[in-house]
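The values are calculated or read from the model by the stated rules, or taken from the named source; none is laboratory data. Quantities reported herein were computed from a predicted structural model and do not represent experimental measurements. Every residue, glycine as well, gets a Cβ built from its backbone with ideal geometry; the counts of neighbours run over all protein chains shown. These area figures cover heavy atoms from the full protein model, side chains too; ligands, DNA and RNA do not enter into them. Shrake-Rupley method; radii C 1.70, N 1.55, O 1.52, S 1.80 Å.
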Amino acid sequence: MATVYNWQIGREMSYPHEERHPRLQFAFVFNPNRCIGCQTCTMACKSTWTFSKGQELMWWNNVETKPYGGYPQHWDATLLAMLEEANPSGQVWDARDTDAEKKPYGVFEGLTIFEAANQKPRPEFGSQQALGYLPTDDQWRSPNIHEDTAAGDLFQKVGKDQYGGEVELPEHKVWFFHLARICNHCTYPGCLASCPRNAIYKRPEDGVVLIDQSRCRGYRKCVEGCPYKKAMYRPTTRTTEKCIACFPRLEGKDKVVSPTGAPAETRCMAACVGKIRLQGLLSIEEDGSWTKDPQNPLYYLIRQRQIALPLYPQFGTEPNGFYIPPRWVPRDYLVQMFGPGVDHAIEQYSCPDRELLAVLQLFRANQQIVFRFEIDEGPKVGEIEVTMPNGTSKVQELFNDTVIGFNKLGEEVVRVTVEEPTFERPADVHVNSI
Ligand code: SF4
Ligand code: SF4
């Protein structure tokens, strides 16, 4: 085992391979506050990559309803329970010990999946580089099980007719939310660590994690070792497949969306109806730290403002998918899922300042990847009263600023205002005009 640095858990950890980092890293921010669970992203991915024989139950992109839904079923609850068993009452954070660069969320004092595998190998699964398990066929069978099923004590006790009054901010007593998921193209992938054939690799140019199909023998150790269960076995080829981050689009090879060859977002990102997704390529230093770049929208949201948080950072793979926590959900559930940065993130999202509100407009405004943004200030257009997480009210000032995005080549690719423009159809042109 080598020793590597994981900024998301704020400390060094053991990993089966030496530390090495790509020049750019594929990353994304999802905003579950806006996801409507329409599954357009899911079908965009499926109709592009997994429509063939043997891939019927393979959903590289899925959207599950939390807390009960999961694909495969119970993937996160199962691993959390295994980690707890390996380290009873020890899976805790020290959230006081922070540093913006090295440990923005504090220090995770428990065991990662790599450390837990060392400490407590599970003989029933054979030797393991990462603590994990192989889901059963049944658990893969229903990708959208428990869709829109709410949780909450009151709901359980008195039934749906009486729970209406219990859905008021800052936290709903009856709640659910949609969690959209793809492979996180982790910095320290559990799948890669687990592969006995060294068939899995991370591309140096963009950090995308791929499985070399000619080396794969279908042992499914990666299925076992990916804590997010995003490596999936295909029985017809007897190999494992996973999200490839639509790499031809990343390489600017889709001439329809990238006429000048600049990197474009993946199919699932580009199709998102709810405008919850923003994808980027982040510049990475040799030691794995992120190049300081506050004009890059992803750097700005994740590192500068810390409004978007990693999914289960305690697993230890340093995932490159980040989420703006849904503000109505009980905080202890969110902290378990996104770590101790939740309160800070929700506080900012509840009443975004002028700059943050402008950057949030970039979600799904364009198909090419935005590497840099600028803001043109506009007039004040209103004020609204908002409920803050502590239950108090605050007045938010609204300005009609314009955010401008530039692609990798420095070309302007998007220009969008905070106020959505409205258009009136001329009555004499369209029969259905008012
Ligand atoms: S999410 Fe899973 S499949 Fe994707 S890189 Fe991380 S460990 Fe591998
Ligand atoms: S397309 Fe967007 S809004 Fe619809 S389910 Fe997917 S992530 Fe959610």
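Within the bounds of the stretch 20-35, is there any residue that is part of a strand (DSSP E or B), among the charged types (D, E, K, R) and farther than 29 Å from residue 63 by Cα?
No.
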Margin query: Considering only the stretch 235-247, I want to know if a residue exists there that is away from ligand 2 (no atom under 16 Å from the Cβ), touching a Lys or Arg at 6+ places or on another chain (Cβ under 7 Å) and over 29 Å from residue 64 (Cα atoms).
Written below: no
Next item on the list: Within the stretch 371-387, track down each residue that is open to solvent by 10 Å² or more (accessible area, probe 1.4 Å) and hydrophobic (A, V, I, L, M, F, W, C).
Entry: 371, 375, 381, 384, 386
Item checked: Single match in 262, 345, 308 (criterion: within 16 Å of ligand 2 (Cβ to nearest atom), open to solvent by less than 10 Å² (accessible area, probe 1.4 Å) and at pLDDT 95 or above) -> 308
Margin query: Take the residues in the stretch 260-282 that are among the small types (Gly, Ala, Ser) and part of a strand (DSSP E or B); name whichever of them is farthest from residue 45 (Cα to Cα).
Written below: 280
Next item on the list: Give 35, 45 a once-over and let me know the one that is more than 30 Å from residue 106 (Cα to Cα) and within 11 Å of ligand 2 (Cβ to nearest atom).
Entry: 45
Next item on the list: Please work out which residue is farthest from ligand 1 (Cβ to nearest atom), limiting yourself to the stretch 245-256 and to residues that are open to solvent by less than 30 Å² (accessible area, probe 1.4 Å) and in a loop (DSSP other than H, G, I, E, B).
Entry: 252
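Of the residues 226, 195, which is over 18 Å from residue 54 (Cα atoms) and either within 16 Å of ligand 2 (Cβ to nearest atom) or touching a Phe, Trp or Tyr at 6+ places or on another chain (Cβ under 9 Å) (or both)?
Criteria check complete, one pass: 195.
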Notebook entry, point to check: Of these, 70, 90, which one is closer than 24 Å to residue 324 by Cβ and either within 16 Å of ligand 2 (Cβ to nearest atom) or surrounded by fewer than 21 Cβ atoms within 10 Å (Cβ to Cβ) (or both)?
Noted result: 70
Margin query: Being of a type outside the set (A, V, I, L, M, F, W, C) and open to solvent by 60 Å² or more (accessible area, probe 1.4 Å) narrows it down to one residue among 64, 84; which is it?
Written below: 84
Notebook entry, point to check: Considering only residues of the stretch 313-342 that are open to solvent by 10 Å² or more (accessible area, probe 1.4 Å) and in contact with a helix residue (DSSP H, G or I) (Cβ under 8 Å, 6 or more places away or on another chain), which is nearest to residue 229 (Cα to Cα)?
Noted result: 314
Check: Are there any pairs, at least 6 apart or on different chains, whose C-beta atoms fall under 9 Å, with the first in the stretch 308-336 and in contact (Cβ under 8 Å) with a residue 40 or more places away in the chain and the second in a helix (DSSP H, G or I) and among the basic types (Lys, Arg), and if so, which?
Finding: 325/331
Notebook entry, point to check: Looking only at the stretch 388-398, which residues are of a type in the set (A, V, I, L, M, F, W, C), within 29 Å of the chain's Cα centre (by Cα) and open to solvent by 20 Å² or more (accessible area, probe 1.4 Å)?
Noted result: 398
Checklist line | Residue among 61, 6, 33 that alone is among the polar types (S, T, N, Q) and more than 16 Å from ligand 1 (Cβ to nearest atom) | finding: 33
Check: Looking at the stretch 229-244, which of the residues that are within 11 Å of ligand 1 (Cβ to nearest atom) and outside any strand (DSSP E or B) is nearest to residue 75 (Cα to Cα)?
Finding: 229
Next item on the list: Please work out which one of (1) part of a loop (DSSP other than H, G, I, E, B); (2) in contact (Cβ under 8 Å) with a residue 40 or more places away in the chain is the condition residue 397 fails and give its number.
Entry: (1)
Margin query: Being free of Cβ contacts under 8 Å to residues at least 60 places away in the same chain and touching a helix residue (DSSP H, G or I) at 6+ places or on another chain (Cβ under 9 Å) is the filter here; which residues of the stretch 237-252 pass it?
Written below: 240, 249
Margin query: Under 8 Å between Cβ atoms, which residue pairs at least 6 apart in sequence (or on different chains) link something in the stretch 67-95 that is part of a helix (DSSP H, G or I) with a partner that is open to solvent by 50 Å² or more (accessible area, probe 1.4 Å) and at pLDDT 95 or above?
Written below: 80/336
